[in-house]
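Some notes on the structure that comes next.
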Amino acid sequence: MTRQSKKAATNSRAERVAQLQKEAKANERRRASGLWIGLGLVLVLIGGAVAWAIFHQINNRPDLGATVVYDDPVDPNDNISRDHVPGAVEYDQTPPVGGDHNATWLNCGIYDSPVPNEHAVHSLEHGAIWITYQPDLPQDQVDQLEEIADEDYILLSPYEGIDSPIYVTAWGLQLAVDSADDNRIPAFITEWKQGPQTPEPGAACSMGTDLDLVPRG
């Protein structure tokens, strides 16, 4: 092979190597572009799923009607005082939806007699639901309430002097209903028991006090 032939062959190999390197870089760019496009599609799908879940949750929240005291959960740190105090507390609302209270919470359960506000409010602070009813509520209605109250973190007791036959109370929220078969009662419990407005969700609702008013459940 002549010197010129060798030089031509060397140039040809160099051009081939350069072409292969160029094609490899192009393939690498295409792969990277594909990965970014795929990642973008995944993020779009995830964002759409999250948006759908939020929309579905909002549109499927129970309709609790206009009798809820607050339309939105209150900020327990800013809106409602919750100091431990001795003695009686004068509350702005009956039954109270929160406020200063006794240092000992009331054990959750079903009570046949009225219970002290100050201890029940402490239970609300722990995420309990307090169902109260007029003492002259028909027994069949009381029986229905007892069935509803037969679960954790629920107090049930009669309450003297309330305007509505039945009140269902969580920390910062309250529902007034006329009958125990009102389907807003279980909806309220599901929505607000240990709800996001609760100052101390998960804190105990037993091993507190029953003040000799022994609960039946």
Worksheet item: Going through region 104-131 one residue at a time, which ones are closer than 13 Å to TYR159 by Cβ and of a type in the set (Phe, Trp, Tyr)?
Response: TYR111, TRP130
Discussion item. If I ask for residues that are farther than 22 Å from TYR133 by Cβ and not in a loop (DSSP other than H, G, I, E, B), which ones from region 80-105 would you list?
Written reply: HIS84
Practice prompt. With the condition kept exactly as written, say whether any residue in region 152-162 is assigned by TED's automatic domain parsing to the domain that holds GLY87 and more than 25 Å from PRO86 (Cα to Cα).
Written response: yes
Fill in: Matching option when the condition is within 17 Å of GLY195 (Cβ to Cβ) and surrounded by fewer than 17 Cβ atoms within 10 Å (Cβ to Cβ), among ASP136, ASP152
ASP152
Worksheet item: Does at least one position in region 145-153 carry a residue that is more than 18 Å from ALA187 (Cβ to Cβ) and touching a His at 6+ places or on another chain (Cβ under 8 Å)?
Response: no
Fill in: Check on GLU118, under 17 Å from the mean Cα position of the chain (by Cα), under 23 Å from ILE80 (Cα atoms) and in a helix (DSSP H, G or I)
no
Discussion item. Suppose we keep only residues that are in contact (Cβ under 8 Å) with a residue 24 or more places away in the chain and assigned to a helix (DSSP H, G or I) within region 144-181. Which one would you say is farthest from GLY202 (Cα to Cα)?
Written reply: GLN144
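The values are calculated or read from the model by the stated rules, or taken from the named source; none is laboratory data. All figures in this text were calculated on a predicted structure; none of them were measured in a lab. Here the Cβ is made from the backbone with ideal geometry for all residues, glycine too, and neighbour counts use every protein chain on show.
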